[in-house]
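Before any comments, here is the structure.
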């Protein structure tokens with residue numbers, strides 16, 4: 001109130017003219033006691049003074065009207081935003097709750113991919129306390145870093161969902177904010193918005209139809225995995241873990257490792273085969289100087305190289321060359337015949353042509369049959385698979401389930417950050433508002449609405 005008064009006084013001082021001395025010093029009329037006194041008071045002022053006073057009063061009145069008109073068009077203090085409950089879906093899906101000031105107070109993962117994002121606890125904590133548009137932009141940006149949203153290809157989309165009972169201003173403002181983010185990133189991705197019946201929205205969060213929507217949403221555990229584990233009988237956790245993590249997530253993870261390391265595995269398999277044949281030739285050669293242990297490594301260790309015949313020496317040199325090449329590829333040098341035989345057995349069980357099939361089609365039956373063998377092969381080229389072998393164990397308790405699941409999600413998150421870093425950091429030109437609007441208009445012309453377009457993406 002005080003600041004308003006100061007503003008009004010400043011405006012009056014600026015607009016109302018300074019009174020002349022004859023006006024300022026004119027007698028101030030008091031309430032007369034008789035008609036005679038009234039007449040004498042009116043006569044005391046000259047006609048010119050009267051005109052001046054009336055003009056000054058008119059000016060002051062106009063000034064007051066002008067000030068109030070100016071105040072009327074000044075930006076009024078905006079009322080605090082109503083608290084909101086909004087779901088953001090890319091593939092990772094999360095729900096955001098805000099307070100009356102529009103700041104995020106709670107974030108809930110609605111699927112395993114969102115849990116994967118939130119394994120970075122510092123990132124998860126950074127979302128709360130921020131304005132909704134800022135927090136959601138951070139969420140979308142993190143999804144892009146993890147490869148859930150490709151900023152380099154046209155066609156990406158985000159969907160915002162709220163209950164019909166909420167103000168439509170929330171999603172409109174949030175949609176514009178995300179559109180600005182995409183333009184700044186040079187990404188032709190769109191934002192679809194939808195309002196669903198309150199009962200449907202509550203069902204998607206797993207909360208009852210009674211009570212405050214926001215209050216109930218804030219009471220949800222932030223972790224989708226934890227909510228799932230605690231909602232089922234402990235004896236069902238084993239089958240759930242097998243179906244959802246071993247046969248889906250871990251199977252997919254192993255397949256990606258096969259693809260990533262297939263060339264190395266193929267070359268190492270070739271070298272193992274050639275070394276196995278050559279070692280047999282060395283053992284059977286009549287010029288082998290060892291009496292008992294005639295394999296390449298024992299000859300190399302105990303025999304006098306100067307005593308090698310040219311033909312036998314050539315075999316040893318060839319074997320040394322192959323062993324060196326293998327050591328460079330696998331990062332694990334072979335040091336004995338038993339190691340050679342063990343690694344050869346891996347390729348006998350899972351030949352290269354069979355491994356190539358798994359790289360393209362790794363079925364659930366293949367996983368049950370070959371998962372351990374794939375891990376053996378990956379071990380043989382220097383990958384540490386102890387972590388993955390630990391995940392193969394079926395958890396018996398909720399604690400084991402959560403420990404193994406979150407360990408796996410953290411590993412997947414780190415791997416995705418590494419795999420998609422180059423794509424995320426690629427230089428892209430910013431998109432103008434006109435170009436982005438033209439892109440949106442094209443989708444609307446083709447699909448009728450951005451929601452209809454979202455549905456075609458099969459998220």
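Read the figures in this text as sums done on the coordinates, not as results from a lab. Just so it is clear, the structure is predicted and the values come from calculations on it, not from any experiment. All Cβ positions, even for glycine, are placed from backbone atoms using ideal geometry, and neighbour counts span all protein chains on display.
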Next on the checklist: Order 241-254, 295-308 from most to least packed using the mean count of other Cβ atoms within 10 Å.
Outcome noted: 241-254, 295-308
Checklist outcome for this item: Once residue 208 and residue 232 are pulled to full extension, the length gained, defined as 0.36 nm per residue separation minus their Cα-Cα distance, is 6.8 nm
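With the Cα gyration tensor of segment 358-407 giving a ≥ b ≥ c as the square roots of its eigenvalues, does the rule (a/c under 1.5 for rounded; else a/b larger than b/c for prolate; else oblate) give rounded, prolate or oblate? Provide the component values of the computation, followed by the final result.
On the way: a/c = 2.67, a/b = 1.50, b/c = 1.78.
It is oblate, given that a/c is not under 1.5 and a/b is not larger than b/c.
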Checklist entry - How big is segment 234-394 in terms of Cα radius of gyration and Dmax, in angstroms? => result 19.7, 69
Checklist entry - Taking the alpha-carbon centroid of each part, what is the distance from segment 194-249 to segment 353-429 in angstrom? => result 25
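Ranked highest first by average number of other Cβ atoms within 10 Å, how do 130-136, 287-293, 345-351 line up? Intermediate values should be presented prior to the final figure.
Working: 130-136: 20.3, 287-293: 13.0, 345-351: 16.3.
Ranking the peptides 130-136, 287-293, 345-351 by packing returns 130-136, 345-351, 287-293.
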Checklist entry - Based only on Cα atoms, what Rg/Rh ratio does segment 392-459 have, Rh being taken as Kirkwood's radius? => result 1.25
